[in-house]
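Okay, so here's the structure we're looking at.
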Amino acid sequence: MYKNKVLRSVVFIIGFLLFLDGFILILFKKIHLGTILPLLIGFVFCTTALWIKPIHSFLNQHLKIKKIWQFGWIAFAIWLISLIAFFGYIQLKSNQKHQIENVQAIIVLGSGIIQSKASPTLAKRLDTAGEIAIKQPQTLIIVSGGLDYGEVKTEAEIMSNYLQDHSKIPAKRILQENQSTSTDLNLKNSQLILTKHQLGLDSKIAIVTSDFHTLRAGAIANKQGYKHFITVGAETPITTRYNAWLREYFAYISGWLLGEY
């Protein structure tokens, strides 16, 4: 009996934390699978912990539903293992250090803006790109991102201004790709800018994005024919890190299903 109470308490606490995490981020208008799913999982965990006896009583009277319930938990366990493996891969990749020397161009992928300012995630990408650019003063930088809903400036323009203000990168080094609305278009539209500056898909290019995004960005770059690139992952802010990683888990699967790589 004591073990059951402890287990129920643990499940409830985990559920409450997951629910609170999703709820708070949704209040800040971060509405995507990475926030909705923890909220729903948390709700299920809390409900199960509080009403486990009535649930078991109901299931024992409806054996078909009980089998579905059991299958659902097995499927959830398998999914959770795959998610942990995905998180482990991201953590491993984010700890790897690349030799970023003699790159001919740096492509910084967009990640959203908030009230005409770089989001915390985007700021981390730009800071990382700025560090590379300072060490290689001849390298061109392509900032990529179109016009977000409700904004008056393109993401590329805000990214350019950020690099000028925070990393003191001269404006003449920064090229704006201001039409794209996805990673696929970020990389595709950047090819036109590369061509205009006598660079091609065989040029040595650093693609700067977030740690959780390097896997998918690299796969898309490969599919589009980029030959000598490295993906550089910027750290994701702790406040949204695991929600972003969770969203990327589904984005990677959907990208594969849509044939992006």
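Quick grid of which residues meet (1) without any contact (Cβ under 8 Å) to a residue 60 or more places away in the chain; (2) closer than 30 Å to Asn243 by Cα:
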{"residue": "Pro38", "(1), (2)": "no, yes"}
{"residue": "Ile52", "(1), (2)": "yes, yes"}
{"residue": "Leu59", "(1), (2)": "yes, no"}
{"residue": "Lys67", "(1), (2)": "yes, no"}
Collect the residues in the range 208-243 that are farther than 19 Å from Leu187 by Cβ and in contact with a Lys or Arg (Cβ under 9 Å, 6 or more places away or on another chain), keeping them in residue-number order.
Glu235, Thr236, Pro237, Thr240, Asn243
Using the structure shown, decide if Val143 is of a type in the set (Val, Ile, Thr), farther than 18 Å from Ala105 by Cβ and not in a helix (DSSP H, G or I).
no
For the range 212-247, give me the residue count where each residue is within 18 Å of Gly112 (Cα to Cα) and free of Cβ contacts under 8 Å to residues at least 60 places away in the same chain.
3
For Gly200: the one exception among (1) free of Cβ contacts under 8 Å to residues at least 24 places away in the same chain; (2) touching a helix residue (DSSP H, G or I) at 6+ places or on another chain (Cβ under 8 Å); (3) crowded, with 18+ Cβ neighbours inside 10 Å:
(3)
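It is to be established whether one or more residues within the range 176-184 are closer than 20 Å to Ile134 by Cβ, assigned by TED's automatic domain parsing to the domain that holds Thr139, of a type outside the set (Gly, Ala, Ser) and in contact (Cβ under 8 Å) with a residue 12 or more places away in the chain.
There is at least one residue in the range 176-184 that is closer than 20 Å to Ile134 by Cβ, assigned by TED's automatic domain parsing to the domain that holds Thr139, of a type outside the set (Gly, Ala, Ser) and in contact (Cβ under 8 Å) with a residue 12 or more places away in the chain.
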Give the residue that is nearest to Gly112 (Cα to Cα), with candidates limited to residues of the range 145-166 that are surrounded by fewer than 21 Cβ atoms within 10 Å (Cβ to Cβ) and modelled with pLDDT of 95 or more.
Glu157
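The values are calculated or read from the model by the stated rules, or taken from the named source; none is laboratory data. Since the structure is predicted, the reported quantities are computational estimates derived from the model, not experimental observations. Quick reminder, even Gly has a Cβ in these numbers, built from the backbone with ideal geometry, and neighbours come from all protein chains shown.
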